[in-house]
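Step one of this worksheet: look at the structure below.
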Ligand code: NAP
């Protein structure tokens, strides 16, 4: 039985009064203490009310602290925030009783090596993107995989996506959808300046390294659309599967294929 949760509400949205009342009454009745607006390291679960973007905002922290994450959708696309608002009370009740199932999602560890002694690591649930600068000049990205030279990508950038992120930026850039049970990741070039550049699926345990070359303007590293890091000539970005997983709490009401069907508008029934 849970006793303490962190509650994160999408900052742009005013939570409807009725929803807040229902939630507060449930927490009071079940004796739950709540920290709102930040991730409390002592919390036993993090509840996010918002869209996938809101969930991505706390995913890295939830992974690092090993705290399970439950997403309740407030009207956005909602691939990761699987619970609909009208299912909130039932889902929170089951969460408190500990009867919800966990999904273990792979996380990318993204390290920027500025020099031999200086590096910074970020954690991504969706992807790491290396993206062109303000003038939109073609960028040149020599890339290694598993210690071997792979190729030099030239274009607007490169997406290194997890299976979870495969339905996000990767999909818009022409990459494939990967079931989140697959611990592989995808290299997807963004608007490549070559007709033969194609998305590539790599084994999860392989390390990918990109070394910046001939950078004539600032290039960005963007992690899950939440963190931006300015890269400079000579910087090296190393991406690999992080140890362990993010614990994402599953909706008891819909499986992955139902979510895909709902969100991508696929045929709903046999023979349709
Ligand atoms: P945003 O630019 O405001 O919205 C991005 C959209 O992607 C939202 O509709 C979001 O859903 C959806 N999304 C996020 N993760 C998803 C996933 N795993 N599967 C399917 N859809 C997903 O940014 P944001 O809300 O902070 O989300 C950041 C993400 O945006 C990045 O990780 C990147 O994947 C994506 N992005 C996509 C493009 C593109 O498609 N051209 C460009 C930049 C970034 P909600 O509406 O539920 O929040």
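Throughout, read-outs are computed from the coordinates displayed, never taken from laboratory work. Every value quoted in this text rests on a predicted model; they were computed, and no experiment measured them. Counting neighbours? That spans all protein chains shown, and the Cβs are built from the backbone with ideal geometry, glycine included.
Spatial offset of segment 48-89 relative to segment 111-171 amounts to 25 Å, using the alpha carbon center of each. In segment 108-241, the C-alpha radius of gyration followed by the widest Cα-Cα span (Dmax) gives 13.4, 40 angstrom. Summary value for segment 108-241: 31 percent relative contact order, contacts being C-alpha pairs under 8 angstrom separated by 6+ residues.
The relative contact order of the chain comes to 19 percent, based on Cα pairs under 8 Å that sit 6 or more residues apart. Multiplying the residue separation of residue 226 and residue 148 by 0.36 nm and removing their Cα-Cα distance gives an extension gain of 25.0 nm.
Classify the chain as rounded, prolate or oblate, taking a ≥ b ≥ c as the square roots of the eigenvalues of its Cα gyration tensor: rounded when a/c is under 1.5, otherwise prolate if a/b is larger than b/c and oblate if not. Prolate is the answer for the chain, as a/c is 1.5 or above and a/b outweighs b/c.
Can you give me the angle between helix 17-29 and the longest principal axis of the chain, using Cα atoms only, in degrees from 0 to 90, rounded to the nearest 10? On a 0 to 90 degree scale, this one is about 70. With axes computed from alpha carbons, what is the tilt in degrees of helix 52-65 against the longest principal axis of the chain, rounded to the nearest 10 within 0 to 90? Around 90 degrees separate the two axes. Length, then width, then depth: along the principal axes, the Cα atoms of segment 57-162 run 51, 31, 23 Å. Of 193, 149, 185, 79, the sequence from fewest to most neighbouring Cβ atoms within 10 angstrom is 149, 193, 79, 185. Angle of helix 88-97 to the longest C-alpha principal axis of the chain, folded into 0 to 90 degrees and rounded to 10: 90°. I need the shape label for segment 182-268. Rule: rounded when a/c is under 1.5, else prolate if a/b > b/c, else oblate, with a, b, c from the alpha carbon gyration tensor. Prolate shape, in that a/c is at least 1.5 and a/b is the bigger ratio.
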